[in-house]
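First comes the structure, then the notes that go with it.
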Amino acid sequence: MTAVESSPRAAHRLRHDQVDTRVSLSADPSQPLQLANPIVTASGCFGSGRELERFFDISGLGAVVVKSLTVEPRDGLPTPRMAETASGMLNAIGLQNPGIEQWVATELPWLHELGVPVIVSIAGKTVAEYRELAEHLRDQPGVVAIEANISCPNVEDRNVVFACRQDATRKAIQQVTSVADVPVFAKLSPDVTDIVTIAMAAVAGGATGVSLVNTLLGMAIDAESRRPKLAAVTGGLSGPAIKPVALRAVHQVHQALPDLPIIGMGGVSSVTDVVEFLLAGASAVAVGTATFANPMVSLEVTQGLPRWCAERGIATVAELRGALLW
Amino acid sequence: MSSSRGRASSVQGRANGPLRVLCEVLSYRRIGNYHSLTFVAPEMAERAKPGQFVSVGVEGDGTLLRRPFSIYAISRHGPWAGTIEIVFDVVGPGTRYLSKLAKHDAVDIVGPLGRPFPMPQQAVDCLLVGGGYGAAPLLFLAQRLQQSSLRVNIVLGAATQNRLFNIIEAKRLSAKSAFTTEDGSFGTPGRVTDVLDRMLAGGTVGVVYACGPMPMLAAVTAIARDHKIAVQVAVEEAMACGVGVCMTCVLPVRRDGRTVNLRACVEGPVFNGKKILWAQLGQPPVMQMATGDDAFAKGPVVTAVVEPRS
Ligand SMILES: Cc1cc2nc3c(=O)[nH]c(=O)nc-3n(C[C@H](O)[C@H](O)[C@H](O)COP(=O)(O)OP(=O)(O)OC[C@H]3O[C@@H](n4cnc5c(N)ncnc54)[C@H](O)[C@@H]3O)c2cc1C
Ligand SMILES: Cc1cc2nc3c(=O)[nH]c(=O)nc-3n(C[C@H](O)[C@H](O)[C@H](O)COP(=O)(O)O)c2cc1C
Ligand code: FES
């Protein structure tokens with residue numbers, strides 16, 4: 001009996017529809033946030049939602065996280081914006097987006113009508129812009145959380161990325177939480193010496209949770225032409241190549257701050273990838289680059305997760321969170 | 001999701017729009033210097049139009065992303081119910097993988113993707129101009145134009161004879177044809193643009209359709225503009241997703257009096273050549289993507305700013 005209970009592979013198989021897939025993304029009773037399942041989309045890897053709605057009903061996802069929005073519409077960077085690397089890719093898009101006002105006017109109502117919870121990613125170039133962006137999202141039906149993408153250059157600090165400094169992290173997040181009426185997640189960069197101190201700074205700024213991780217800064221060179229493969233020279237590395245780094249970041253932050261909700265991401269393309277992130281301490285898991293290789297993948301893992309659990313007699317997805325044996 | 005007909009083993013997607021299908025390879029063959037792959041995909045063949053492309057899952061060497069290929073031919077009948085054929089050049093790990101596939105192998109296809117060539121609204125003669133494997137989607141188009149009883153003329157060009165794609169087919173599908181090779185090994189020595197004035201003489205051609213390398217498309221557009229003829233081009237931009245979600249494939253296009261940064265995979269790959277800002281390709285864009293229902297096409301003009309990555 002005891003042996004069976006302590007085994008990670010419990011004895012009783014369940015039907016997949018008996019598995020409770022709900023997860024909580026907020027420990028704050030004044031701002032609760034529960035998702036029907038832990039699968040969300042990674043910002044910038046899901047377009048506006050319309051593109052993949054052509055393939056499948058996106059309302060079955062736990063939530064969609066939209067492309068980071070900025071105060072002004074943005075044109076983005078010159079092409080080439082992409083380079084495939086070993087088991088990954090580099091991107092330098094430059095936050096091409098319609099601007100928060102237009103997005104709120106044309107895209108949010110459509111997503112809300114579909115009935116899918118929307119997590120809005122925002123990106124500023126000053127601390128004040130984060131506040132301005134969050135103000136646009138007050139009292140907006142459909143918006144269940146804000147993800148503050150602070151892996152952006154701070155123009156008031158020699159373009160040093162906010163998420164690379166505790167101070168800038170705390171201040172930017174404070175601006176968002178001071179006006180937001182929904183839970184706020186700070187999306188952190190893995191390109192730091194100690195991600196735990198940055199997560200703590202986000203918490204000090206009032207963040208409900210953190211999203212881990214954004215892309216790693218990288219570079220690719222064409223030996224023949226001697227040129228960088230990206231027009232912007234450097235870009236963000238994503239895909240399976242970064243999964244070990246991402247799992248490490250989730251694990252470290254979860255160990256230091258066990259109650260802090262984490263949206264984990266980085267190279268997720270299968271149900272077992274999702275489970276690994278949950279075990280490391282994530283409460284929800286975002287699918288990013290894998291969508292480029294398979295537009296259906298977020299649907300497939302959403303449907304596959306309860307089956308995986310059922311086969312192992314795991315009755316609730318939530319019990320996997322942080323259940324790493326070590 | 002629907003279940004599959006024929007031999008394709010799984011079909012994902014909706015009643016219309018693009019599908020993801022695990023297809024069976026029906027045949028692999030060489031056409032000159034090119035490779036061709038035909039796979040069984042009845043639902044996809046039913047929906048495919050000239051100018052559209054498919055993106056193909058490849059394996060090996062740490063590859064992650066699909067590879068886009070224009071649809072060269074479809075068949076909607078016959079014992080295989082419906083097939084799609086693509087033509088490609090082996091240039092890297094993805095195309096090398098495809099060149100090793102054999103009959104009965106499975107291949108993961110998403111499509112049909114992108115905006116097709118618009119058909120002429122009036123009964124005009126059409127001039128099709130292809131560079132290298134850029135001929136592939138044009139030969140598919142030529143068939144459709146012929147079925148609509150339109151007169152089709154074709155110009156194909158390449159560096160050398162064995163890079164000209166499908167001379168026989170081009171002759172069969174056209175009233176008048178011309179071929180150019182840069183080394184003079186076949187047809188007129190030089191480039192496609194060297195014979196365009198001749199092919200446009202007479203003034204009966206109402207629209208030019210082109211597919212090939214970007215500099216060729218820019219040059220063909222310039223000539224069509226001189227002749228005051230409509231020109232539709234199918235462009236080739238590096239694509240990560242092929243379905244409109246990643247923003248890697250953009251190019252600057254004039255629309256509604258503004259310059260917008262459009263995605264080649266969903267707003268293209270076929271564009272009105274005169275609307276593309278050819279001189280700005282690869283330059284820092286000064287425009288904005290669009291939102292909303294209407295093919296994601298509109299958006300305010302904004303000035304460029306210092307951009308973070310992602
Ligand atoms: C809409 C469209 C239609 C195309 N149709 C055809 C066709 O009919 N026949 C054909 O031979 N080729 C076609 N191409 C180009 C073809 O996609 C590339 O040759 C192929 O992706 C190369 O893959 P690889 O792994 O062999 O080479 P690699 O060069 O190693 O590819 C590495 C990466 O670069 C991208 N890439 C490389 N070259 C190109 C290119 N020219 N255009 C876009 N992306 C590129 C690949 O997708 C991949 O992500 C088309 C491209 C596009 C965008
Ligand atoms: C093309 C592309 C665009 C991205 N755009 C954004 C963005 O706008 N905002 C953001 O916070 N993260 C952005 N990301 C990062 C992803 O959300 C994610 O954190 C990262 O890619 C790791 O996950 P993955 O390996 O599953 O892609 C982008 C990633 C890619 C590949
Ligand atoms: S290739 Fe991703 S948006 Fe066009």
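Brief remarks on what is shown
- Of the residues making up the range A:291-312, those that are touching a residue at least 40 places away in the same chain (Cβ under 8 Å), closer than 17 Å to A:E276 by Cα and either small (G, A, S) or in contact with a Cys (Cβ under 9 Å, 6 or more places away or on another chain) (or both) number 2.
- Test: residue in the range B:182-204 that is within 30 Å of A:M82 (Cα to Cα) and either within 16 Å of ligand 3 (Cβ to nearest atom) or in contact with a helix residue (DSSP H, G or I) (Cβ under 7 Å, 6 or more places away or on another chain) (or both): no
- The lone exception for A:A241 - which of (1) within 16 Å of ligand 1 (Cβ to nearest atom); (2) open to solvent by 10 Å² or more (accessible area, probe 1.4 Å); (3) not in a helix (DSSP H, G or I) it fails: (3)
- In the range B:191-223, the residues that are under 20 Å from B:L251 (Cα atoms) and either open to solvent by less than 10 Å² (accessible area, probe 1.4 Å) or touching a strand residue (DSSP E or B) at 6+ places or on another chain (Cβ under 7 Å) (or both): B:Y209, B:A210, B:C211, B:G212, B:P213, B:M216, B:L217, B:V220, B:T221
- If you filter the range A:49-71 down to residues that are among the hydroxyl-bearing types (S, T, Y) and touching a residue at least 60 places away in the same chain (Cβ under 8 Å), you find that the one that is surrounded by the most Cβ atoms within 10 Å (Cβ to Cβ) is A:S68.
- Residue satisfying all of: in the range A:81-109; within 7 Å of chain B (Cβ to nearest Cβ) and free of Cβ contacts under 8 Å to residues at least 12 places away in the same chain; surrounded by the most Cβ atoms within 10 Å (Cβ to Cβ) among these: A:E84
- Among the residues making up the range A:214-232, those that are in contact (Cβ under 8 Å) with a residue 40 or more places away in the chain, touching a strand residue (DSSP E or B) at 6+ places or on another chain (Cβ under 7 Å) and more than 15 Å from ligand 1 (Cβ to nearest atom) are A:N214, A:T215, A:G218, A:M219.
- Condition met for B:A295 (at pLDDT below 95 and either within 14 Å of chain A (Cβ to nearest Cβ) or surrounded by fewer than 22 Cβ atoms within 10 Å (Cβ to Cβ) (or both)): yes
- Qualifying position, being at pLDDT below 95 and over 17 Å from the mean Cα position of the chain (by Cα), among A:P109, A:P98: A:P98
- When the range A:247-281 is filtered for residues that are within 30 Å of B:G13 (Cβ to Cβ) and not β-branched (V, I, T), the ones remaining, listed by number, are A:G264, A:M265, A:G266, A:G267, A:S269, A:S270, A:D273, A:E276, A:F277, A:L278.
- Checked against the criteria, B:D256 does not count as surrounded by fewer than 22 Cβ atoms within 10 Å (Cβ to Cβ), at negative phi, more than 12 Å from ligand 1 (Cβ to nearest atom) and acidic (D, E).
- Scanning the range B:68-97 for residues that are outside any loop (DSSP other than H, G, I, E, B), near ligand 1 (Cβ under 8 Å from one of its atoms) and surrounded by 22 or more Cβ atoms within 10 Å (Cβ to Cβ) returns B:P68, B:F69, B:S70, B:I86, B:V87, B:G94.
- Tally, over the range A:25-44, of residues that are part of a strand (DSSP E or B) and within 14 Å of another protein chain (Cβ to nearest Cβ): 1
- Selection of the range B:233-243 for residues being crowded, with 19+ Cβ neighbours inside 10 Å and either closer than 13 Å to B:M216 by Cα or small (G, A, S) (or both) yields B:V233, B:A234, B:V235, B:E236, B:A240, B:G242.
- Breaking point among (1) within 16 Å of ligand 1 (Cβ to nearest atom); (2) within 13 Å of chain A (Cβ to nearest Cβ), for B:R47: (1)
- Looking only at the range B:23-44, and only at residues there that are part of a loop (DSSP other than H, G, I, E, B) and open to solvent by 10 Å² or more (accessible area, probe 1.4 Å), the one that is nearest to the other protein chains (Cβ to nearest Cβ): B:N33
- You will find that of A:T169, A:T177, the residue that is more than 7 Å from every other protein chain (Cβ to nearest Cβ), under 21 Å from the mean Cα position of the chain (by Cα), open to solvent by 30 Å² or more (accessible area, probe 1.4 Å) and without any contact (Cβ under 8 Å) to a residue 60 or more places away in the chain is A:T177 and no other.
The values are calculated or read from the model by the stated rules, or taken from the named source; none is laboratory data. A quick note: this is a predicted structure, and the numbers were derived from the prediction, not measured. Note: ideal-geometry Cβ built from the backbone for every residue, glycine included; neighbour counts use all protein chains shown. Surface accessibility is based on the protein's heavy atoms, side chains included, excluding ligands, DNA and RNA. Shrake-Rupley method; radii C 1.70, N 1.55, O 1.52, S 1.80 Å.
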